[in-house]
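The values are calculated or read from the model by the stated rules, or taken from the named source; none is laboratory data. Keep in mind the model is a prediction, meaning the values are calculated, not measured. No Cβ is skipped: glycine too gets one built from the backbone with ideal geometry, and neighbour counts run over all protein chains shown.
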Amino acid sequence: MYRILLLVVAISISFWPINSYAQGNTKFGVVDGEKLFDEYPAAQEATKKISDAQDELREAIAESEKIYGEFEKQKKSEAEKLTKQKELQTKIDVKARDTKKMIEGVSAKIEQDILQSIKTIAAEKGLEVVLDKRAVLYGGADLTQPVLEVLKKKGSLAIQGENKKG
């Protein structure tokens, strides 16, 4: 009995904020986050840039393995082999860190652009809450198209600063 009561209280508390908004004048908006990402030109460019960087990292790893393989065939001492291995691993580690940093930076910029565009459209429409469409069963003004229009106006400017570094 206690568990059932606890479950009922937990469920009613978890819906309490939504019910209080629904009873007030709060307006909800929804966006299809997946569609925003898929159709945002800068996100498409970022995806390509990330894929290229990952390919470059894989190529660098393969090249290091090839170099080390050739080095091993030269009948070098174990100390020389270990030194060469550490040298190649250090280069790979630096490349991996740089790739990770670039991916995080580009991803954060895309996320920031999308969130800022959602906030802009929500403010224009007088909406206080915007949720992803997948989390909403019913209702909410769909902001996906207006947000996409704002994002498409931004074009590739979102990652322009990233391209200057690379």
**Study point:** Selection status of VAL130, under 30 Å from GLU72 (Cβ atoms) and modelled with pLDDT of 90 or more
**Key:** no
Practice item. Report yes if ASP38 is within 18 Å of the chain's Cα centre (by Cα), surrounded by fewer than 16 Cβ atoms within 10 Å (Cβ to Cβ) and farther than 30 Å from LYS133 by Cβ, otherwise no. Key: no
Point to revise | Count of the stretch 45-61 residues which are in contact with a Ser or Thr (Cβ under 9 Å, 6 or more places away or on another chain) and not small (Gly, Ala, Ser) | key: 5
Exercise for review: Determine, yes or no, whether GLY155 is in contact with a helix residue (DSSP H, G or I) (Cβ under 6 Å, 6 or more places away or on another chain), part of a helix (DSSP H, G or I), surrounded by fewer than 16 Cβ atoms within 10 Å (Cβ to Cβ) and modelled with pLDDT under 90.
Suggested key: yes
Check your understanding: Quick one: in the stretch 66-102, which of the residues that are among the hydrophobic types (A, V, I, L, M, F, W, C), farther than 30 Å from ALA43 by Cβ and surrounded by 11 or more Cβ atoms within 10 Å (Cβ to Cβ) is modelled with the lowest pLDDT?
Key -> PHE71
**Study point:** Residue ID - farthest from PHE37 (Cα to Cα), chosen from residues in the stretch 65-121 that are small (Gly, Ala, Ser) and assigned to a helix (DSSP H, G or I)
**Key:** ALA79
Check your understanding: When you look at LYS76, is it basic (Lys, Arg), in contact with a helix residue (DSSP H, G or I) (Cβ under 8 Å, 6 or more places away or on another chain) and over 30 Å from LYS154 (Cα atoms), yes or no?
Key -> yes
Revision key, fill the gap. Subset of the stretch 108-123, residues touching a residue at least 12 places away in the same chain (Cβ under 8 Å) and under 13 Å from VAL147 (Cα atoms), comes to ASP113, ILE114, SER117, ILE118, THR120, ILE121, ALA122
Review point. Which condition number does ALA53 fail, the rest of (1) at pLDDT 90 or above; (2) farther than 30 Å from ASP142 by Cα; (3) over 19 Å from the mean Cα position of the chain (by Cα); (4) surrounded by 14 or more Cβ atoms within 10 Å (Cβ to Cβ) being met?
Key: (3)
Study note, to complete from the structure: Filtering the stretch 138-154 down to residues that are closer than 18 Å to ILE110 by Cβ and of a type in the set (Ser, Thr, Tyr) yields THR144
Review point. Just one of the numbered conditions (1) more than 18 Å from ASP38 (Cβ to Cβ); (2) among the charged types (D, E, K, R); (3) surrounded by 12 or more Cβ atoms within 10 Å (Cβ to Cβ) is not true of GLU124; which one?
Key: (3)
Practice item. For residues that are of a type outside the set (Lys, Arg) and part of a helix (DSSP H, G or I), scanning just the stretch 143-152, find the one that is modelled with the lowest pLDDT. Key: LEU151
Check your understanding: Does LYS165 satisfy being in contact with a helix residue (DSSP H, G or I) (Cβ under 7 Å, 6 or more places away or on another chain), of a type in the set (Lys, Arg) and modelled with pLDDT under 90?
Key -> no
Point to revise | Selection within the stretch 125-137 - part of a helix (DSSP H, G or I) and touching a helix residue (DSSP H, G or I) at 6+ places or on another chain (Cβ under 8 Å) | key: LYS133, ARG134
